[in-house]
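One structure is given below, encoded as structure tokens.
Laboratory data are not the source of any read-out in this text; all were calculated from the coordinates shown. These figures come from a predicted structure and were not determined experimentally. Here Cβ is always computed from backbone atoms with ideal geometry, including for glycine, and neighbour counts include all displayed protein chains.
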Amino acid sequence: MEITLIDVAIISLYFILLAIVAYFAKKKIRGLTDYFLAGRRLTLPIFIATLVSTWYGGILGVGQYSYFSGLGNWLTQGIFYYIMALLFALFLAHKIRKSNLFTIPDQLEKFYDKKSRFLGSIFNFILVTPAPYILSLGVIFMFLFGVPKWIGIVIVLAILIAYTLYSGFYGVIYTDFLQFIFMMVGVALVVPFAIAKYGGFEFLTANLPETHLHITGGLTTQMILVWGFIAFWTFVDPGFYQRCYAAKDSKIPRKGILISIGFWILFDICTTFTGMYAFAANKAGHISIEILENGLPQPEVYMIFANSVLPPVIMGVFLIGIIATLMSTIDSFTLLGAMNISHDIYKNTFKPDATDKQVMKVTKIGIVITASFGATLALFFSGIISMWYTIGTVCISTLIVPVLGGFFIKTKKPPISGVLSMIAGAGVSTVWMINGYSNLSWGWPVYWFEIEPMYPGILAALLVYLFIIGTSKIYKYKGVV
Amino acid sequence: MDIISIFLIFDSVVLIVATLILTYFFIKDFLKGKLNHK
């Protein structure tokens, strides 16, 4: 694909704007709470913009999935998440803000003990790896500018480290607002142009398989269910927690998440139909999309399609929209990973007497470590969706029971229940997954009893958790402890 | 134009307008200094 010089200029302008915003954001930093949580001063508009843009990072994967399953994409990558976000808003958001903490591992220590914090930090760190999104940006740079993937990744890394390290969470939220605008406008423009060029619904019905127009998208029940379970990610998503902690008061998170759901619905309709138009345009011979071994289209599908309908300048805005969707997630996740290293592991596990200055210094080192770790993973993995799926499966199985148990099980919990349930969830889901990936069929893993690893993982974590709480009650009743 | 196409164009317009409204409120907060320290 060739992009015009004017589009390259627009993309360059976007990166310059990011640098300017980060420069001014830096001036607001006075201490550690500013660097981590923007001084807990997020008002409603910025809360919404930063949450909407951070939570939505897998734009290339969504492109592939909407091409692959049509409306099934809206169900698996949209509706399930709206339900989870709604539950989060109604039952968790205000509790998180009121706790006045910094991270999920903070919550784990509050509920259980330091060992739970430490183990939780490691899985939290893996969960927030920006690897799938760095890989996506590497793919985009390679596609747009014809540079090797590793060069694309190094460029992303350099930009990202520079502005995140320099301006902390203030920089992240202010640049997120800019990215939010580009993301919404860029993606919203494609569908009207597609309708103008190819025609309306009759073009879709003439060129799409019937399953694409069904809400299940022809996906198996098992596949739909597993995406439903992956949406539980929302309950342990460090980005959600960080924004709730950073809100100005305890009412903003609930209101903000509810309005964000509205934005996600509008945005998902655009992305899903863009993928469907891409399928129809490919079938009708207007564009050429390569299909991978696992049946998914090449990750660049959105850009190839957009290039066939958008004129120069608008194409530039669309490309910024795609890049902004990814950058807004990468910067937030990188800072979250760094906070794990500095706040959860360095200060609260090994050096409780560390000063704010020392923690800030370690956070900056943590930004480099997190981004480099993500980039290394991005170089070795090739599938964006499979990376998402693997990380999501293991980390959700590990974290969801102790985190939600901590919030909702009111009875006194033995400290060991946190760490043991995490070990059970991680152990079972990992072993199950390794077995599946050692038996691939058409590029997809084949699991024991054809059961996805997340189910036994969460079940194991839950059983261990309830068993420990139950036995501790019996011992107490008998007067043993 | 069919009803689905009208709906899709409406969706895009609403998304852009909602984004602009949110931007307006953000700028208002910013200028009033609501994001600054007390």
*asked:* Can you find, among A:3, A:156, A:52, the residue sitting farthest towards the positive end of the charge dipole of the protein assembly as shown, where Lys and Arg contribute +1 and Asp and Glu -1 at Cβ?
replied: A:52
*Going down the list A:351/A:473; A:27/A:251; A:347/A:412, which pairs span over 30 Å between their C-alpha atoms?*
A:351/A:473
*Enter the Cα centre distance for the pair the range A:40-63 and the range A:320-392, rounded to the nearest angstrom.*
17
*asked:* Under 10 °C and 1.306 mPa s, how fast does the range A:285-370 diffuse according to Stokes-Einstein, given a Kirkwood radius computed over C-alpha pairs? Answer in µm²/s, whole number.
replied: 98
*Which angle between 0 and 90 degrees, to the nearest 10, do you get for helix A:314-339 versus the longest principal axis of chain A when only C-alpha atoms count?*
10
*Computed from the mean reciprocal separation of all distinct C-alpha pairs, what Kirkwood hydrodynamic radius does the protein assembly as shown have, in Å?*
23.4
_Longest segment of chain A lacking GluC sites (Glu not before Pro) that sit in a DSSP loop with at most 12 other Cβ atoms within 10 Å_ = A:3-289
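About the Cα centre, and with charges only on the beta carbon of Lys, Arg (+1) and Asp, Glu (-1), how big is the dipole of the range A:5-383? Nearest 20 debye, please.
Numbers: 26 positive and 18 negative charges, 328 e Å.
Here the size comes out at about 1580 debye.
Report, please, the projected area of the range A:409-481 averaged over directions, based on the convex hull of its C-alpha atoms, in nm².
Details: hull surface 22.9 nm².
Result: 5.7 nm².
Rounded to the nearest 500, what is chain A's calculated 222 nm mean residue ellipticity when only DSSP H runs of at least 4 contribute -39500 (n - 2.57) each, over all residues?
Working: 22 runs with 346 residues, N = 481.
When only DSSP H runs of four or more count, the value is -24000 deg cm²/dmol.
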*asked:* Tell me which of A:380, A:310, A:408 sits at the most positive position along the dipole axis of the protein assembly as shown, charges placed on C-beta atoms (Lys, Arg +1; Asp, Glu -1).
replied: A:408
_Sequence-distant aspartates and glutamates (8 or more away, or on other chains) whose Cα lies within less than 15 Å of residue A:413_ = A:109, A:113
*Relative to the longest principal axis of the C-alpha atoms of chain A, give the angle of the C-alpha long axis of helix A:356-380, reported between 0 and 90° and rounded to the nearest 10°.*
50
*In straight Cα distance, which aspartates and glutamates are under 18 Å from residue A:364, not counting same-chain residues fewer than 8 positions off?*
A:34, A:331, A:344, A:356
*Within a Cβ distance under 14 Å of residue A:80, other residues only, what is the Lys/Arg minus Asp/Glu net charge?*
-2
*Is the shape of the range A:330-481 rounded, prolate or oblate, going by the alpha carbon gyration tensor and its root eigenvalues a ≥ b ≥ c, with a/c under 1.5 for rounded and a/b larger than b/c for prolate?*
oblate
*Would you please report the Å³ per residue occupied by the convex hull of the alpha carbon atoms in the range A:10-168?*
163
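Under the definition of Cα pairs under 8 Å and six or more residues apart, what whole-number percent is the relative contact order of chain A?
Working: 800 pairs, mean separation 139.1, N = 481.
This gives 29 percent for chain A.
With loop defined by DSSP as not H, G, I, E or B, and exposure as at most 11 other Cβ atoms within 10 Å, which is the longest segment of chain A clear of exposed trypsin sites (Lys or Arg not before Pro)? Show your work: numbers first, answer last.
Numbers: sites that count: A:27, A:30, A:410, A:412.
By the stated rule (loop sites, at most 11 other Cβ atoms within 10 Å), A:31-409.
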